[in-house]
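What follows is a single structure, written as structure tokens, with notes after it.
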Amino acid sequence: MTTHGVLQITLFFVVLVALVKPLGWYMARVFEGKPAGLNRLLAPVERLIYRLCGVREDEEMNWQRYTVAMLLFSLVGLIVLYLQQRIQGFLPLNPQKLGAVSPDSSLNTAVSFTTNTNWQGYGGETTMSYLTQMLGLAVHNFVSAAAGIAILLALIRGFTRRSVEGLGNFWVDLTRSTLYVLLPLSFIFALILVAQGVPQTFGAYKTAKLLQPTSYDQAVLDQSGNPVLDEQGRPKREKVTVTEQSIAVGPAASQIAIKQLGTNGGGFFNANSAHPLENPTPLSNFLEMIAILLIPAALCYTFGLMVGDTKQGWAILAAMTVVLVMFTAGGYWAESAGNPMAAGAGVDQAAGNLQPGGNMEGKEVRFGIANSVIWAAATTAASNGSVNSMHDSYTPLGGLVPLLLMQFGEVIFGGVGSGLYGMLVFAIIAVFVAGLMVGRTPEYLGKKIEAYEMKMASLLILIMPITVLIFTAVAVVTDIGKASIFNPGAHGFSEVLYAFTSMGNNNGSAFGGLGANTPFYNLTGSFAMLVGRFWLAVPTLALAGSLAKKKRLPIGVGTLPTHTPLFVAWLIGVIVIVGALTFFPALALGPIAEHFK
Amino acid sequence: MSDSKKSRPLFDRAILHQAAVEAFRRLDPREQIRNPVMFVVEIGSILTTLLFVQALFGRGEMPAGYILAISIWLWFTVVFANFAEAVAEGRGKAQAAALKQSRRELSAKKLADPENRGKYTTVQASALRKGDVVLVEAGDDIPADGEVIFGVASVNESAITGESAPVIREPGDRCGVTGGTRVLSDWLVVRITSNPGEMFIDRMIAMVEGAKRQKTPNEIALNILLASLTIIFLLVCMTLLPFSIYSVTAAGQGSPVTVTVLVALLVCLIPTTIGGLLSAIRIAGMDRMVQANVIALSGQAVEAAGDVDVLLLDKTGTITLGNRQAAEFFPAKGVSAERLADAAQLASLADETPEGRSIVVLAKQRYKIRERQIHDLGATFVPFSAQTRMSGVNLPGGEQIRKGSGDAIGSWVKEHGGEIPPDVRTVTENIARKGGTPLVVADGVKVLGAIYLKDIVKGGIKERFLELRRAGIKTVMITGDNPLTAAAVAAEAGVDDFLAEATPETKLKLIREMQTGGRLVAMTGDGTNDAPALAQADVAVAMNTGTQAAKEAGNLVDLDSNPTKLIEIVEVGKQLLMTRGALTTFSISNDVAKYFAILPAAFVGVYPGLAAMNIMGLATPQSAVLSAVIFNALIIVALIPLCLKGIRYRPVGAASLFRRNLLVYGLGGMVVPFIGIKVIDLILVALGWA
């Protein structure tokens, strides 16, 4: 660990927290339909959208209608995206003449982007046409994030409204989040990225002459891709000399901006944010890291404003931040300490003027350990999933950090909207047990937490472990699952666990080392992603509906305060204990076993 | 209240013995299925028993003796939970039986012929049935609820209404009389309208029985959480088998985790501590209510009592003593204070009401006027009667001294050709304004002055209200007095607010307003006119001596008819919830240590490095698993006393209660099992069973 690294981590969190209040205030104005600065420009557009779509702005929806609207919207989006990938060969803006994506991969990708997961079984530059990237994937980057915000808004209204059925209008919430929040932020951010050197072009891939031609051996393959055997029955090999390099470009900046801001994480290029054209400079790296957490963090303040007590919002943000700081620090420590095997072999892993020290395997030299670890923690805490280093190459404990952050249910910042509503459900559970301890029927923000609320909250904490654990179990005992595990031992187990944790929590980052683009992983993964998103969204909306119908109780001395440091600590305790108790045995057989080897 | 409130020892031999038998009888799966957590434990016990049989007769997955040991302790886990429930239930039943015996028995003068009140038979009140007719004379208690068919009498209903002034009961509109009240003057013939004697005991026993079956709302919500935690852990343990099979292949050594160890892990992880004690906590909570002489008509009411944030308290009887006391003499112009005090004392010598006694005492204290014997004076006492509404004394010298309300004395003086002088009238108005009751004293036609009868605020009540305020509960005083008087008493008693000139309508309106604002309101009531407000309140405590309508409208009945009981009821309600919350926290915190005991034990063969996780240094993998299971079973027994007594409630506000309970049960729950499991492991080693 270096002073420089610690300073960078500190700077990151200071800048993040400083941005919370202005953006949070702006979003609250937008979501409450009050003027917020961009109205003169965007209000006519907003009205036009409503008129074109036949949306009545003031029409209230009860939770069932809100849910149906959200589900239908996602379903149509999913089908369109699937079809678009299947027929992209016939569509324009495809300079590389990329053909149709395979059915299972198309399904997986369609599900992945609709659910705000952005798990990528494919490599962007070799699979997706510009049109698919822009009109398919990028559009979903916006609307899946906006749908997350809409669900959150419904839940917040559940807390603020009293004795009513209506939770707002899904179409209005969706439109406002996209138009006033995601689009302007992405627009500004894309321009900054272009200034930093990220390409934004419809032109074909560039070709560069290599300064030093490279030669290598490769197996000769026949038409169907099988190795050609020589007379002795051994695979035939041939020498290849490469003199040119094809450099993938495209309309990247616009998509990278929203992939970070909308906690999507699906890279334009396969190497994601480790790719120099996605993330060219230390400044772009810093801003992209901020962008991962920006909206989830600011929404906490928005929440506080909307429920009429900003302390409540700060408390939630404090709980999130404390966990993330602890895990970032832990990861930084583990990665800086380096590889114990290498240390045993007498390798100098200390940081110095000539080397960054620690475990640099799988990390960009441009970013170093501190910035790789912040990214790894932020991207898994938020359900972003973009990466600027390879998590698979982390030390066992360093790799445990992103894994566990996801296993907390993506509530430490979490996805745009979805992270906060997940966190509020944890707050409800924390309040329930704590409320009993002070001798009153538990209440949160003046709403009583009763059997129905506990039923929905229990569903929310129950569903994610079910999908993650069961699919991992199936994968590690069936041949079809085991065939894709390239690394032996505990590490191979971690890879499978990571893959399903990532999909089941709508994160989308990959540990790597797992051949996940197979029908088995594509289909089980699609299922896990759908469950992880919609089986959580529906109970959340049901919860919102039930809360809205209740009276709002006045806060007094007898009410458990939910903004104190003690409650924050308790909330963290509940999240960590539920997450850790659920996954500890699995982790013991993965990263922990690997660490103690 | 104090004599009927028996403090029963926490454990009684007979109860324990019976509970032990019950604990085994309730192993019946049909009994267990109502409790999802313990049902899972029972299934696990059956499974390990079968594994033991398999090991005994064939190839077992582990040594038969070891599986047996695990299995036995799993069975004990279920038995201990059953035992806790049976003990709580036994205590409740014993309490009900004791109350049945100690119930006050009234006697009644039963008339064979309602027209002929000369001929009656004395019977026990409990022998009376609906439709019987009884005679009640001055000084008698009314044996049961009924209605007056003949006679006019003044009745002291302060025991029920808290109002010190006697009320007139006669056939017609004011015919309802209540059991337990006392006739002060004249006589009444009453037709009994209820079958007394059985009702409350029946309710009480029904409540104790019902406590076993009927879950309270918060308990249902908690059960949902516990059930889903159970499902999660079931899943964790089930998927651990494939994980371990893969790990064995991957590591190339060791053997997969056994079903016995998985079942042990499962039982240790699911919240058995709270799951096993949940119904015992509920029954014990209801039992504490019974011990406070309060009958809850539903478990929901007990729980709601903990949530109350506004208490509506009647002034008289709750905040002030039921009887007023003389505080001051105000002589009329031209009359000396001694003369007034002397006359007032004479008029009160034979007046045995507390007000009368207080006049005698005040005269003695202020003016050294010694108490005299009415016989020695040769005077005749004129008792209070419903017709005259005055009392007094006729002296041998022909003086007729009377005291009574301004109106009563006014008409008496008028009858004798006089009138109340204006200065006395002003004084009486001032007294009323200050919150007191004025009595006017007259000697024949001459009005001597007024006596100031003052409301006496109960000792310690102010501190009680302060405590309530700290606990976040608002107190509102309800009184029929005018606003000025009410404000004076409210300030003295330290209540947060008051409702003056209260009528049944304004009471109801106040409750509705508060409920609209989201508050939970508790009140006590007794009269029929309280019934609408009682029905509206969230927690409504009816006095046992109250009218039938009031009792039907309330959801709790106070056998002692003590309005101050409301405060205790709130505490019992809070204790019930707190005990649940604390034990849930404790139960879940326990899991951390159990992981550190069982996981290294289960997988050290596959990944030897995991031995580093055995931070307790448990002797062998076998002893580690067994110690965790034994700890898990014994902790249930260890917590029975706590769940019977309930966690102590302190009126300190939610924030500090939370801090304290989190420290004790959260942090304690984390630490205790580390120590407990280690100790059990050491004992197993010492016994050579490790």
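The values are calculated or read from the model by the stated rules, or taken from the named source; none is laboratory data. Bear in mind the structure is a predicted one, so any value in this text is a computation, not a measurement. Using ideal geometry, Cβ is built from the backbone for each residue, glycine included, and neighbour counts are taken over all protein chains shown.
Odds and ends about this structure:
- Restricting the first member to segment A:183-198 and to residues that are in contact (Cβ under 8 Å) with a residue 24 or more places away in the chain and assigned to a helix (DSSP H, G or I), and the second to residues that are among the hydroxyl-bearing types (Ser, Thr, Tyr) and buried (at least 16 other Cβ atoms within 10 Å of the Cβ), the beta-carbon pairs closer than 8 Å and six or more apart or on different chains are A:Ser186/A:Ser254; A:Ala190/A:Ser254; A:Ile192/A:Ser284; A:Leu193/A:Ser284; A:Gln196/A:Ser284.
- Some residue of segment A:485-505 being in a loop (DSSP other than H, G, I, E, B), at the interface with chain B (Cβ under 7 Å from one of its Cβ atoms) and on the phi < 0 side of the Ramachandran plot: yes
- Segment B:632-660, subset touching a Gly at 6+ places or on another chain (Cβ under 8 Å) and hydrophobic (A, V, I, L, M, F, W, C), residue surrounded by the fewest Cβ atoms within 10 Å (Cβ to Cβ): B:Leu634
- When B:Val606, B:Val572, B:Val541 are checked against the criterion of being in a loop (DSSP other than H, G, I, E, B), modelled with pLDDT of 85 or more and not charged (D, E, K, R), a single residue qualifies: B:Val606.
- For segment A:511-597, the helices (runs of 4 or more DSSP H) that sit wholly inside it and include 3 or more residues that are in contact with a helix residue (DSSP H, G or I) (Cβ under 6 Å, 6 or more places away or on another chain), within 14 Å of another protein chain (Cβ to nearest Cβ) and in contact (Cβ under 8 Å) with a residue 24 or more places away in the chain are A:536-548, A:565-587.
- Set side by side, the residues B:Phe674, B:Phe603 differ, and just one is within 14 Å of chain A (Cβ to nearest Cβ) and out of contact with any Cys (no Cβ under 6 Å at 6 or more places or on another chain), which is B:Phe603.
- No other residue among B:Val685, B:Val671, B:Val629 is buried (at least 20 other Cβ atoms within 10 Å of the Cβ) and either at pLDDT 95 or above or more than 29 Å from B:Met286 (Cα to Cα) (or both) apart from B:Val629.
- Selected residue (criterion: farthest from the chain's Cα centre (by Cα)) from residues of segment B:255-267 that are within 10 Å of B:Ala602 (Cα to Cα) and within 13 Å of another protein chain (Cβ to nearest Cβ): B:Pro256
- Condition met for A:Gly168 (buried (at least 23 other Cβ atoms within 10 Å of the Cβ) and either part of a helix (DSSP H, G or I) or in contact with a Phe, Trp or Tyr (Cβ under 8 Å, 6 or more places away or on another chain) (or both)): no
- All positions within segment B:27-49 that are more than 22 Å from B:Ile220 (Cβ to Cβ), of a type in the set (A, V, I, L, M, F, W, C) and modelled with pLDDT of 95 or more: B:Ile43, B:Ile46, B:Leu47
- Some residue of segment B:617-626 being in contact (Cβ under 8 Å) with a residue 24 or more places away in the chain and over 23 Å from B:Ile72 (Cβ atoms): yes
- Screening segment B:568-600 for residues that are aliphatic (A, V, I, L, M) and closer than 14 Å to A:Gly439 by Cα and picking the one that is farthest from the other protein chains (Cβ to nearest Cβ) gives B:Ile569.
- The selection criterion, being touching a residue at least 12 places away in the same chain (Cβ under 8 Å) and surrounded by fewer than 18 Cβ atoms within 10 Å (Cβ to Cβ), holds for B:Lys434.
Here is a yes/no grid of residues against (1) under 20 Å from the mean Cα position of the chain (by Cα); (2) among the hydroxyl-bearing types (Ser, Thr, Tyr); (3) outside any strand (DSSP E or B); (4) outside the structural domain of A:Ile156 (by TED's automatic domain parsing):
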| site | (1), (2), (3), (4) |
| --- | --- |
| A:Leu210 | no, no, no, yes |
| A:Glu231 | no, no, yes, yes |
| A:Val242 | no, no, no, yes |
| A:Ile256 | yes, no, yes, no |
| A:Gly267 | yes, no, yes, no |
| A:Ser273 | yes, yes, yes, no |
| A:Pro276 | no, no, yes, no |
| A:Asn285 | yes, no, yes, no |
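- Residues being of a type outside the set (D, E, K, R), modelled with pLDDT under 85 and in a helix (DSSP H, G or I) - total across segment B:499-515: 1
- Counting the residues of segment B:12-48 that are within 30 Å of B:Val257 (Cβ to Cβ) and in contact (Cβ under 8 Å) with a residue 24 or more places away in the chain gives 13.
- Strands (runs of 3 or more DSSP E) fully within segment B:399-496 that include at least 1 residues being touching a Gly at 6+ places or on another chain (Cβ under 7 Å) and more than 14 Å from chain A (Cβ to nearest Cβ): B:400-404, B:437-443, B:446-454.
- Selection within segment A:173-220 - among the hydroxyl-bearing types (Ser, Thr, Tyr), touching a Lys or Arg at 6+ places or on another chain (Cβ under 8 Å) and surrounded by 12 or more Cβ atoms within 10 Å (Cβ to Cβ): none
- Residues that are away from chain A (no Cβ under 14 Å) and free of Cβ contacts under 8 Å to residues at least 24 places away in the same chain were ranked within segment B:504-514; the one that is surrounded by the fewest Cβ atoms within 10 Å (Cβ to Cβ) is B:Glu505.
- Count - residues of segment A:335-391 that are aromatic (Phe, Trp, Tyr) and outside any loop (DSSP other than H, G, I, E, B): 1
- Selection from segment B:323-354 of residues that are acidic (Asp, Glu), touching a helix residue (DSSP H, G or I) at 6+ places or on another chain (Cβ under 8 Å) and either modelled with pLDDT under 85 or assigned to a loop (DSSP other than H, G, I, E, B) (or both): B:Asp351
- Scoring B:Tyr649 on the criteria (1) more than 14 Å from chain A (Cβ to nearest Cβ); (2) under 18 Å from B:Phe586 (Cβ atoms); (3) of a type outside the set (S, T, N, Q) leaves a single failure, condition (1).
Each row is one residue, and each column tells you yes or no for (1) surrounded by fewer than 24 Cβ atoms within 10 Å (Cβ to Cβ); (2) among the aliphatic types (A, V, I, L, M); (3) more than 13 Å from chain A (Cβ to nearest Cβ).
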| residue | (1), (2), (3) |
| --- | --- |
| B:Leu277 | no, yes, yes |
| B:Ala292 | yes, yes, yes |
| B:Ala296 | no, yes, yes |
| B:Gln300 | yes, no, no |
| B:Val308 | no, yes, no |
| B:Leu311 | no, yes, no |
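- Against the test of being touching a Pro at 6+ places or on another chain (Cβ under 7 Å), within 19 Å of B:Ile588 (Cβ to Cβ) and at pLDDT 90 or above, the options A:Phe426, A:Phe432, A:Phe413, A:Phe408 yield a single qualifying residue, A:Phe432.
- Filter result for B:Val679 (part of a helix (DSSP H, G or I) and crowded, with 16+ Cβ neighbours inside 10 Å): no
- Out of A:Gly504, A:Gly492, sole residue that is crowded, with 24+ Cβ neighbours inside 10 Å and touching a Phe, Trp or Tyr at 6+ places or on another chain (Cβ under 8 Å): A:Gly504
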